[in-house]
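Notes follow the structure.
Quick note: the coordinates plus some simple rules give every number you see, no bench work behind them. Small disclaimer: the values here were computed from a predicted structure and weren't measured. Every residue, glycine as well, gets a Cβ built from its backbone with ideal geometry; the counts of neighbours run over all protein chains shown.
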Amino acid sequence: MLGGTDALINWSRKYSLWPMFFGLSCCFVEEATALTARYDMARFGAEVLRPSPRQADLLIVSGTVFKKIAPVVLRLYEQMAEPKWVISMGSCSNCGGMYDVYSVVQGILQKKIETESPTRTIFHLKGGSQGSVKPILVDAQTKSRDPRGPGMEGTAIRGTSVVPPDFRDSRSDLMWTPPPRQIELSSSDQNLTLNLQAQFGDAVEFVAPVCDMLTLQIAENRLKDVLRYLKAEATPRYQRLDDLTAIDESARRQRENFADFTMVYHLLSFDSASRLRLKVPLQDWYEREVFDLLGIRFEGHPNLRRIIMPPDWQGHPLRKNHPGRATEMAPYTRKEAQELQPLDGGVFVKTSDGEHQLILNIGPHHVSTHGLLRYIVALNGEEITDLDMDIGYHHRAVEKIGERQTWHQFIPYLARVDYLAGAANDLPYLLAVESLADIKVPERAQVIRVMLSELFRLSNHLVWFATYSHDVGAMTPNFYTFREREMILDIVERITGGRLHPSWFRIGGVAADLPEGWKPALDEFVRIFPKRLQEYENLIRNNPIFKARTRGVGRISLQDAMDWGVTGPNLSPRQPAAIVMPVIWCALKKCDRACASSNRRPAKCLPAGVSPMTTVT
Amino acid sequence: MQPMGSTGILSPWESGVFSLAIFVVLILIFVASQLIVAVWLGEKKKTVEKLRPYESGIIPTGTARLRYPVPFYLVAIFFLIFDVEGAFIFTWAIARGELGWSGWLQISFFIVLLLLGLFYIWRKGGLDWGPITQKD
């Protein structure tokens with residue numbers, strides 16, 4: 001008789017679930033899609049996703065769980081009402097997936113299993129008596145823990161699976177590689193080099209050969225002077241710092257020819273639309289205080305603390321001697337998630353009159369930041385008196401992964417960098433590789449790439465528009481834009497076979513020619529889309545709340561924008577979404593012409609040396 | 001139109017209050033049984049984490065019991081004061097014919113006094129809401 005009661009209770013629970021999202025990356029976008037009209041989550045008895053653990057009994061962890069965010073995931077689970085369940089959505093959340101890298105927890109919801117070699121475990125959320133306690137991963141039965149796949153147990157790890165400094169016996173010496181591209185310096189670049197050398201003497205050294213842009217090597221002690229000169233006095237002036245990075249040179253073969261580390265500055269000049277790269281070899285490294293990903297200490301920096309990694313992280317992950325794979329490190333367990341907490345909010349903000357101000361955390365788990373970003377605000381009543389941000393809750397360490405993958409094998413990781421833009425992420429990487437190796441891409445392949453990138457850009461902007469409206473209080477655009485986004489993703493699926501991350505571009509071209517039937521689907525989309533854009537505009541254009549919350553907020557002066565290195569949409573905030581339409585039109589027209597001129601053979605799209613076997617199925 | 005008598009349409013007082021009492025008791029029993037069943041069947045595990053306030057998954061800093069500046073409170077008090085004065089004005093408006101010009105003069109004096117008070121509060125900054133923003 002009690003068995004029947006159980007069935008009844010279970011049935012009732014099944015159809016009255018209150019799911020709560022813990023969205024971390026790509027999988028969360030798909031989870032949010034499940035809420036919209038096409039998939040309609042209400043069919044499962046779960047009408048809405050809850051943002052707070054107090055109102056939820058089903059935690060859906062979707063996306064990559066990072067070691068910095070894991071304590072938050074665990075806390076939210078503990079704060080949920082009883083009885084409670086967890087769904088781990090996607091391979092990253094299940095087992096780390098393709099992100100076997102230092103910053104990623106190798107799966108939640110798994111019972112810790114002792115194994116001999118790399119422990120690919122184990123962040124176990126299980127509590128109470130509900131659900132299963134059986135180990136999900138059993139070696140050689142349900143899962144191979146070898147990152148190379150099953151059946152490799154007897155073979156020592158070598159080749160690209162091994163990263164510096166243990167990387168030896170490279171076979172690349174025996175391979176033919178294309179000669180690097182070389183370009184001629186423009187006259188203004190030549191003048192600049194001469195000027196700098198006249199000004200700073202031996203401290204400035206020209207680096208040959210020139211592959212993409214003028215590159216100069218600067219002595220460490222003159223760096224500040226050179227940068228100041230380039231920003232204020234040089235012709236042209238280099239006003240924007242595009243990027244700042246560093247290279248760990250310790251894995252070089254001719255170790256004695258290189259310093260320990262090299263700083264790399266990328267500068268942009270607005271006057272002449274030219275770029276400049278500065279390389280700064282750093283000596284006497286080890287005396288310096290160790291810091292951040294590479295451990296470089298900058299003199300005079302007002303606030304030098306960890307930005308990406310958790311505050312109690314040991315070592316500097318991008319150094320060659322830091323383990324790359326999570327499986328090479330000690331397993332991250334429930335114990336670590338309980339002990340290694342994010343920094344207290346009081347560390348970040350100043351409260352001027354001490355006890356009368358409230359310090360409040362908005363994020364990392366918040367409707368508008370979903371797991372990525374944490375704002376720490378100091379509140380005096382309703383007024384925000386101080387604000388700081390804490391990032392690194394989403395750090396997939398693609399730089400470190402890039403060190404161990406081959407040029408081709410790295411492509412799947414690109415789409416996941418900006419997981420709304422899919423193949424559009426592949427393009428800049430491929431352009432870089434192709435310009436390094438001087439590879440020519442057939443025109444038809446170029447057009448296909450641009451077309452797919454534009455489609456992804458549209459789908460990306462649709463999600464931007466929906467979530468942006470949502471963040472300022474308008475729920476409806478979500479349901480409109482996800483409708484058209486599904487159309488775009490259907491076209492993408494028809495062409496590439498993939499949805500969010502097709503990994504379909506190749507070095508020198510694309511994986512295959514456009515399939516039958518791509519044109520009608522695209523034509524249909526292009527036919528209806530302008531009207532839909534009008535719909536979106538009607539939704540918000542005249543909405544007084546939307547206008548009040550968006551107009552005249554967050555102003556940045558031109559000088560500030562240049563000084564802070566602001567790029568992208570923030571530089572052109574008045575750019576309407578409709579501007580993408582002419583761009584895709586051009587791409588489509590061009591594609592039409594290209595299709596007419598080629599004889600529709602797939603091999604035409606592929607460059608020499610790339611096998612059609614790489615087609616994604 | 002003749003006013004309708006209640007005889008024969010509404011229940012007599014005695015039987016009406018009886019069915020109302022039955023209704024109230026049934027409601028109380030129903031609500032109590034729901035609560036008791038929920039308390040009896042529901043799982044309660046009071047752990048440290050569960051009793052902690054939810055603040056986006058981070059451990060909160062400091063106490064929430066602060067001396068909290070609430071401009072809304074001031075505005076609410078002002079509203080209450082002026083709202084109550086409205087009662088006098090409405091009363092005058094209903095009887096304005098009978099009160100004549102002397103009544104009109106008195107209520108005008110009263111309204112001007114109120115406006116002076118409002119103007120005073122306004123000038124003193126009592127109606128300023130939110131942070132003071134610098135113009136550009």
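Some values worked out for this structure:
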read-out: Out-of-range pairs (alpha-carbon distance over 27 Å; input A:84/A:335; A:320/A:440; A:320/A:350); value: A:320/A:440; A:320/A:350
read-out: Restricting the range A:200-280 to GluC sites (Glu not before Pro) in coil, as DSSP defines it, with at most 13 other Cβ within 10 Å; value: A:233
read-out: Size descriptor, Kirkwood hydrodynamic radius, that averages inverse alpha-carbon separations across the range A:495-544, Å; value: 13.9
read-out: Average partner coverage of B:59-70, which counts Cβ from other chains inside 10 Å; value: 6
read-out: Sparsely packed chymotrypsin sites (Phe, Trp or Tyr not before Pro) within the range B:48-136, loop by DSSP, other Cβ within 10 Å at most 12; value: B:129
read-out: Trypsin sites (Lys or Arg not before Pro) within the range A:182-283: DSSP coil, no more than 11 neighbouring Cβ in 10 Å; value: A:253
read-out: When each of A:67/B:45; A:67/B:50; A:519/A:547 is checked by Cα-Cα distance, pairs over 30 Å; value: A:519/A:547
